[in-house]
Amino acid sequence: MSLLLVGVSHRTAEVPVLERVAVSGDDTRKVLDDLLTGDHVTEAMLVSTCNRVEIYAVVETFHGGLTEVSSVLARHAHAEVSDLTDHLYVHYAGSAVEHLFSVAAGLDSMVVGEAQILGQLRASYAEARELGSAGRVLHELAQQALRVGKRAHAETGIDAAGASVVSEALVDADVALGGLGGRRALVVGAGSMGALSAAHLRRSGVAEIVLANRSEANAERLAVSLRAEGTPARAAGLDALHAEIAAADVVVACTGAVGTVVGEEDVRAALALRGPGLVVCDLGLPRDVDPRVGALPGVTVVDLAALGERLRSASAGRAVEEARSVVAEEVRAYFAAQRTAEVTPTVTALRRRAAEVVDAELLRLDGRLPDLEGQTRDEVAQTVRRVVDKLLHTPTVQVKRLAQSPGGDTYAEALRELFELDPQTPAALAATETITETTASVEPGDGMGQALSVDPRRGRS
């Protein structure tokens with residue numbers, strides 16, 4: 001079994017396509033259940049953020065897994081697979097691992113280096129475990145990806161500026177308004193993105209923050225924390241949206257809801273009360289703001305499409321190159337550990353075979369020399385075991401070391417042939433290993449030599 005990634009992101013698709021494939025929290029269980037009902041997918045994890053939707057799946061075969069995962073994604077988007085082909089990217093085995101590590105490090109984000117992706121990955125992994133779709137392979141992989149992301153952020157300074165989609169959107173808003181200081185802000189949505197938006201607005205020195213949310217209780221909790229930080233803040237319901245927009249200079253919409261929340265009529269009615277000069281930041285996927293709002297006079301709309309266009313030309317910088325080096329190093333280490341783990345059951349089987357031979361010979365010794373003193377027998381037994389351990393020490397240490405290089409599994413195969421080990425024994429031993437936070441994934445065939453990246457538009461690369 002190997003890892004397969006099928007995804008669509010800001011790099012391959014415009015916002016309308018991302019909106020179609022975006023998976024809300026309510027739909028995650030259904031998508032994961034659909035993935036696991038197929039014949040080729042054994043584990044699955046879904047990562048759905050404001051600028052990407054990716055499915056990581058452990059599959060029996062590449063082509064069978066690709067067909068099933070693509071079909072599920074297309075059904076969710078109410079589209080044909082052919083409709084999505086030009087926007088999908090596919091990575092397999094080593095290439096999929098490298099991509100996930102790059103995502104965790106913030107290298108594949110719209111705002112390169114953003115730290116929020118780590119929290120999003122952690123939430124995706126936790127949800128997959130809770131729903132039972134993540135097993136031993138994805139457990140190990142997700143844990144390692146989170147460690148890689150933390151290391152990249154800690155060692156390279158890739159996120160030193162604290163940039164994110166939210167902060168970049170507010171940079172544009174700041175420019176459009178000639179400064180955010182002293183302005184009135186409305187945040188629609190009180191989730192993690194809403195909280196992040198409110199935090200950035202508070203640091204920008206806005207005069208007041210109003211939090212509009214479907215649940216006013218959630219909005220009030222966030223308002224309380226903002227007031228504790230010294231920023232005037234209050235909660236409001238979505239039913240008073242047009243009145244709150246009329247009183248605001250900047251609106252940040254980030255609800256994660258399906259369908260628009262800020263309608264054209266809401267903004268049009270607000271403009272009649274307040275006049276021009278309104279900035280609306282739409283950070284939702286699907287969109288929270290009716291696209292027609294951008295055509296209203298006196299309104300500046302900052303959305304994911306506009307941000308993506310501006311940020312594509314951003315300079316990578318030295319920190320990015322350092323982060324890429326971290327990712328490359330961690331990918332090599334990951335597969336070295338994988339190959340070592342693949343050899344471990346063979347080494348265990350060899351030592352078990354040696355122990356069985358020693359026990360059999362000691363039993364035969366007892367039959368031939370029944371009057372042998374207990375102390376003497378113990379000395380003989382210890383001597384025999386020491387001799388066997390010394391004979392096995394070097395080859396078992398060496399085979400683990402050699403296994404870390406590509407093609408190293410041939411050494412384990414040689415051991416199985418030389419000592420006539422049951423080829424099923426290592427697999428059985430591996431299958432019974434307990435999952436822990438540091439368990440190494442034993443997945444034959446996931447070596448770097450099998451790394452494959454596929455663009456459906458061009459075939460293998």
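The values are calculated or read from the model by the stated rules, or taken from the named source; none is laboratory data. Keep in mind that what you see is a predicted model, and the values were worked out from it rather than measured. Reconstructed Cβ throughout: ideal geometry from the backbone, glycine too, with neighbour counts over all protein chains shown.
Just so you know, in segment 152-183 the residues that are over 18 Å from residue 208 (Cβ atoms) and in contact with a Gly (Cβ under 6 Å, 6 or more places away or on another chain) include one that is surrounded by the most Cβ atoms within 10 Å (Cβ to Cβ), and it is 158. For segment 169-211, a tally of residues being in contact (Cβ under 8 Å) with a residue 60 or more places away in the chain, closer than 20 Å to residue 299 by Cα and not polar (S, T, N, Q) returns 13. Is there any pair linking a residue in segment 104-119 that is within 21 Å of residue 15 (Cα to Cα) to one that is among the basic types (Lys, Arg) and assigned to a loop (DSSP other than H, G, I, E, B), with Cβ under 9 Å and at least six apart or on different chains, and which? Close Cβ pairs (under 9 Å, with a partner that is among the basic types (Lys, Arg) and assigned to a loop (DSSP other than H, G, I, E, B)) amount to 108/11; 110/11; 110/312. Within the span defined as segment 403-410, every residue fails to be part of a helix (DSSP H, G or I), more than 30 Å from residue 337 (Cβ to Cβ), of a type outside the set (Lys, Arg) and under 52 Å from the mean Cα position of the chain (by Cα). Going by the conditions given, is residue 136 surrounded by fewer than 19 Cβ atoms within 10 Å (Cβ to Cβ) and either closer than 18 Å to residue 5 by Cα or under 15 Å from the mean Cα position of the chain (by Cα) (or both)? Taking the combined requirement at face value, the residue does not satisfy it.
Among the residues of segment 119-134, write down those that are in a helix (DSSP H, G or I) and touching a Leu at 6+ places or on another chain (Cβ under 9 Å).
Hits for segment 119-134 are 121, 122, 124, 125, 127, 128, 129.
The residue pairs whose first member lies in segment 135-152 and is outside any helix (DSSP H, G or I), whose second member is surrounded by fewer than 22 Cβ atoms within 10 Å (Cβ to Cβ), and whose beta carbons are closer than 7 Å, counting only pairs six or more residues apart or on different chains, are 135/42.
Table: residues versus (1) modelled with pLDDT of 80 or more; (2) out of contact with any Phe, Trp or Tyr (no Cβ under 6 Å at 6 or more places or on another chain); (3) assigned to a loop (DSSP other than H, G, I, E, B); (4) not assigned by TED's automatic domain parsing to the domain that holds residue 191.
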{"site": "257", "(1), (2), (3), (4)": "no, yes, yes, no"}
{"site": "260", "(1), (2), (3), (4)": "yes, yes, yes, no"}
{"site": "266", "(1), (2), (3), (4)": "yes, yes, no, no"}
{"site": "286", "(1), (2), (3), (4)": "yes, yes, yes, no"}
{"site": "310", "(1), (2), (3), (4)": "no, yes, no, yes"}
{"site": "328", "(1), (2), (3), (4)": "yes, yes, no, yes"}
{"site": "352", "(1), (2), (3), (4)": "yes, yes, no, yes"}
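Evaluate the following for residue 346: is it in contact with a Lys or Arg (Cβ under 8 Å, 6 or more places away or on another chain), over 20 Å from residue 255 (Cβ atoms) and buried (at least 22 other Cβ atoms within 10 Å of the Cβ)? When the stated conditions are applied, residue 346 passes them.
Quick check on this structure: which one of 28, 61, 49, 42 is at pLDDT below 95, polar (S, T, N, Q) and under 18 Å from residue 129 (Cβ atoms)?
That would be 28, the only listed residue that is at pLDDT below 95, polar (S, T, N, Q) and under 18 Å from residue 129 (Cβ atoms).
Scanning segment 240-269 for residues that are touching a residue at least 24 places away in the same chain (Cβ under 8 Å) and charged (D, E, K, R) gives 244, 249, 264, 266, 268. Looking only at residues in segment 10-21 that are under 21 Å from residue 98 (Cβ atoms) and surrounded by fewer than 19 Cβ atoms within 10 Å (Cβ to Cβ), the one that is modelled with the highest pLDDT is 12. Scanning segment 51-84 for residues that are over 27 Å from residue 256 (Cβ atoms) and either touching a residue at least 40 places away in the same chain (Cβ under 8 Å) or not assigned by TED's automatic domain parsing to the domain that holds residue 114 (or both) gives 58, 59, 60, 62, 65, 66. Residues in segment 22-38 that are surrounded by fewer than 23 Cβ atoms within 10 Å (Cβ to Cβ) and of a type in the set (Gly, Ala, Ser): 24, 25, 38. If we keep just the residues of segment 231-255 that are closer than 26 Å to residue 308 by Cα, β-branched (Val, Ile, Thr) and not in a helix (DSSP H, G or I), which is farthest from the chain's Cα centre (by Cα)? So the residue we want is 250. Residues that are polar (S, T, N, Q) and farther than 18 Å from residue 172 by Cβ do occur in segment 216-227, at least one of them. Restricting attention to segment 61-94 and to residues that are of a type in the set (S, T, N, Q) and touching a helix residue (DSSP H, G or I) at 6+ places or on another chain (Cβ under 9 Å), the residue that is farthest from residue 331 (Cα to Cα) turns out to be 82.
Being touching a Leu at 6+ places or on another chain (Cβ under 8 Å) and crowded, with 16+ Cβ neighbours inside 10 Å is a description that applies to residue 303.
Listed by position, the helices (runs of 4 or more DSSP H) enclosed by segment 39-105 that each have at least 1 residues that are surrounded by fewer than 23 Cβ atoms within 10 Å (Cβ to Cβ) and of a type in the set (A, V, I, L, M) are 62-76, 81-84. Within segment 321-367, the residues that satisfy the criterion of being hydrophobic (A, V, I, L, M, F, W, C) and over 32 Å from the mean Cα position of the chain (by Cα) are 347, 349, 350, 354, 355, 357, 358, 360, 362, 363, 365.
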